[in-house]
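The values are calculated or read from the model by the stated rules, or taken from the named source; none is laboratory data. The structure displayed is predicted, hence computed values, not measured ones. When we count neighbours, we look across all protein chains shown, and the Cβ atoms used for this are built from the backbone with ideal geometry, even at glycine. The accessibility values were calculated without ligands, DNA or RNA, using every heavy atom of the protein model including side chains. Shrake-Rupley method; radii C 1.70, N 1.55, O 1.52, S 1.80 Å.
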Amino acid sequence: GNTADFVVTAGELQLNAPAVSGTKYLSTSSQAINNASWEFKVRMTFGTSSSNFAKVYLVSNTSNLSNSLNGYYIKIGGTDDEVSLFKQTGTSSNKIIDGRNSVVGGSSVDVNIRVTRTAAGLWEVFSDTSAIPTYISEGTVTDNFHVQSLFFGVECNYTSTRSTRFYFDNFVV
């Protein structure tokens with residue numbers, strides 16, 4: 001990925017890209033998909049928008065998360081300020097769990113996310129924005145379209161003023 005544009009600061013993975021609008025990603029090998037769970041924390045020191053949001057790729061068949069791929073990702077933010085699950089096939093993405101609107105609304109984002117998937121393809125997404133761990137289900141769906149994983153990673157979509165304000169922590173896959 002774009003290793004030169006990420007740093008570890010105070011124990012968190014932080015985007016540290018030039019102040020130019022763009023998309024940056026990091027990925028690592030992961031075959032987790034059947035009877036799998038993913039947990040992580042996302043912090044953004046700004047309110048999300050259609051131009052400023054994060055994706056966490058749970059499943060990908062390629063390490064390059066900015067190109068055509070087959071997989072699943074969690075989108076944090078966007079126009080509806082939600083935590084939702086998307087299926088990506090090639091360059092086309094479809095929302096398959098439509099999370100609650102305004103979960104990550106406000107002037108900043110601080111959310112813990114948990115995703116589970118059974119071997120039968122039942123996905124469930126949970127989010128927690130409280131100081132005391134209280135995960136709330138964002139929804140469930142059964143989807144077995146993609147059944148193999150080779151990579152896991154993060155992608156930041158940002159404008160020039162947000163190029164250093166994405167943070168990730170506490171990854172457990």
Exercise. Looking at Asn34, is it more than 30 Å from Pro133 (Cα to Cα), out of contact with any helix residue (DSSP H, G or I) (no Cβ under 6 Å at 6 or more places or on another chain) and either open to solvent by 40 Å² or more (accessible area, probe 1.4 Å) or in contact (Cβ under 8 Å) with a residue 40 or more places away in the chain (or both)?
Worked result: no
Exercise. Looking at region 100-116, is at least one residue hydrophobic (A, V, I, L, M, F, W, C), open to solvent by 20 Å² or more (accessible area, probe 1.4 Å), over 13 Å from Phe53 (Cβ atoms) and at pLDDT 95 or above?
Worked result: no
Exercise. From the residues in region 10-23 that are open to solvent by 40 Å² or more (accessible area, probe 1.4 Å) and farther than 12 Å from Phe168 by Cβ, which one is modelled with the lowest pLDDT?
Worked result: Ala10
Seminar exercise, completed: Those residues of region 117-140 which are surrounded by fewer than 16 Cβ atoms within 10 Å (Cβ to Cβ) and of a type in the set (A, V, I, L, M, F, W, C) amount to Ala119, Ala120, Leu122, Ala131, Ile132, Ile136
Exercise. Out of Thr62, Thr79, which single residue is farther than 20 Å from Thr159 by Cβ and open to solvent by 30 Å² or more (accessible area, probe 1.4 Å)?
Worked result: Thr62
Exercise. Which residue out of Val125, Val154 is over 23 Å from Pro18 (Cβ atoms) and of a type in the set (A, V, I, L, M, F, W, C)?
Worked result: Val125
Seminar exercise, completed: region 76-163: strands (runs of 3 or more DSSP E) wholly inside it with 2 or more residues that are in contact with a Phe, Trp or Tyr (Cβ under 8 Å, 6 or more places away or on another chain) and either in contact (Cβ under 8 Å) with a residue 60 or more places away in the chain or charged (D, E, K, R) (or both) are 109-117, 151-158
Exercise. Can you name the number of the only condition in (1) open to solvent by 50 Å² or more (accessible area, probe 1.4 Å); (2) over 15 Å from the mean Cα position of the chain (by Cα) that Glu39 fails?
Worked result: (2)
Exercise. Looking at region 59-75, is at least one residue in a strand (DSSP E or B), free of Cβ contacts under 8 Å to residues at least 40 places away in the same chain and within 11 Å of the chain's Cα centre (by Cα)?
Worked result: yes
Problem set entry | Candidates Val7, Val56, filtered to the one that is surrounded by 14 or more Cβ atoms within 10 Å (Cβ to Cβ) and among the β-branched types (Val, Ile, Thr) | Val56
